[in-house]
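Everything on this sheet refers to the single structure shown next.
The values are calculated or read from the model by the stated rules, or taken from the named source; none is laboratory data. It should be emphasised that the depicted structure is a prediction, and the values quoted were computed from it without experimental measurement. As a convention, Cβ positions derive from the backbone with ideal geometry for all residues, glycine included, and neighbour counts pool all protein chains shown.
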Amino acid sequence: MVCDIKARERTETREEALSPYAAKSRLTRGRERREEPCPIRTEFQRDRDRIIHCKAFRRLKHKTQVFIAPQGDHYVTRLTHTLEVSQIARTIARALDLNEDLTEAIALGHDLGHTPFGHLGEEVLNELYHGGFRHNEQSLRVVELLEKDGQGLNLTWEVRDGILNHSKGQAEILGEAWGDANTLEGQVCKIADIVAYVNHDVEDAIRAGIISRDDLPEIVTCTLGRTHSQRVDTLVRDIAGCSWPVGGNGGSSVPTIRMTPAVLGAANALLRFLFDRVYKASLAVEEVVRAGRALRLLYVYFLDHEDGLPPELSWLVSDQERKVVDYIAGMTDHYALRLAEEIAP
């Protein structure tokens, strides 16, 4: 006999004490396919659990963040990046009385569609595929279609919106081309993503010997701090304090996710520094050239060898090129390199 504990209803009741601008799970815009409510979990909690248990999430542990298949154990992977984004986003959401469960679900799912070899892989697939490739759109495709043999995860609209709208490209932080998600929780994840990667990429670049801590711009060390923990703490506290709807937001009653001008200027200076000294510079290393060559080889090969695609893609109602893109985008770094070596002439 199952005890009627009504845990979901109690959580939904507690959500009423959140900010009036927080997303409430009982008021979700719903799923593409209706499902009976869970007696234990809210709709956003169910989404979080589905993401954690899906295949694409597990593959993130072997996908590169910046450095290609690094030998050291302490370099950031796409999975550890995702966990850092979740932690930072949840801290900000909690400080702003937003829905932490929705924030966590978006953060955990935001990079499910990322390619092997980090942004290099995204650039290569975008160059090769006639329809273009953007990892945020692929992440949405993963949760809507590719998982569970074409059924997808059937996530709520709010989580899917946050996943789709988290990407920023090379846009200046909170600049004109920044864009926004349609919930405050999605906006929090968007800014938490950049807080996470600009800081852990600094540490990885120092670990790899590409830069030293003394190379960081003075505005960064003076405003944000010299260490990783100092910089993250400064950014998180600034975002939380500046985004609060009363006082730090010019007296406005509606919260806006933002930073103070001084901290925003330092954060953008750090972002520009990374593009100039780390991201662009890393394109010259031998491993990156090898990775790009492997992706191009895989792409051409599977366009001509449809029978080589895995059976789990056979149900896709897509053209051959789209199936190849889905297959390659889902690969881990080591699998892509190994497979390219096996099929190389």
Exactly one of Asp73, Asp111 is more than 19 Å from Lys190 (Cα to Cα) and either in a helix (DSSP H, G or I) or of a type outside the set (A, V, I, L, M) (or both), and that residue is Asp73
All conditions in (1) touching a helix residue (DSSP H, G or I) at 6+ places or on another chain (Cβ under 7 Å); (2) closer than 18 Å to Thr64 by Cα; (3) at pLDDT 95 or above are true of Arg160 except (2)
Restricting region 114-148 to residues that are small (Gly, Ala, Ser) and assigned to a loop (DSSP other than H, G, I, E, B), the one farthest from Thr82 (Cα to Cα) turns out to be Gly131
Considering region 300-329, residues that are of a type in the set (A, V, I, L, M, F, W, C) and part of a loop (DSSP other than H, G, I, E, B), and then whichever is modelled with the lowest pLDDT, we arrive at Val317
Those residues of region 124-183 which are among the hydroxyl-bearing types (Ser, Thr, Tyr) and in contact with a strand residue (DSSP E or B) (Cβ under 7 Å, 6 or more places away or on another chain) amount to Thr156
Over region 97-110, the set of residues farther than 21 Å from Ala56 by Cα and either among the acidic types (Asp, Glu) or at pLDDT below 95 (or both) is Asp97, Glu100
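Residues are listed down the side, and each one gets a yes or a no for (1) among the polar types (S, T, N, Q); (2) over 20 Å from the mean Cα position of the chain (by Cα); (3) closer than 22 Å to Asp101 by Cβ; (4) surrounded by 14 or more Cβ atoms within 10 Å (Cβ to Cβ):
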position	(1), (2), (3), (4)
Leu164	no, no, yes, yes
Gly169	no, no, no, no
Glu172	no, no, no, yes
Glu185	no, no, yes, yes
Val202	no, no, no, yes
Glu218	no, yes, no, no
Leu224	no, yes, no, yes
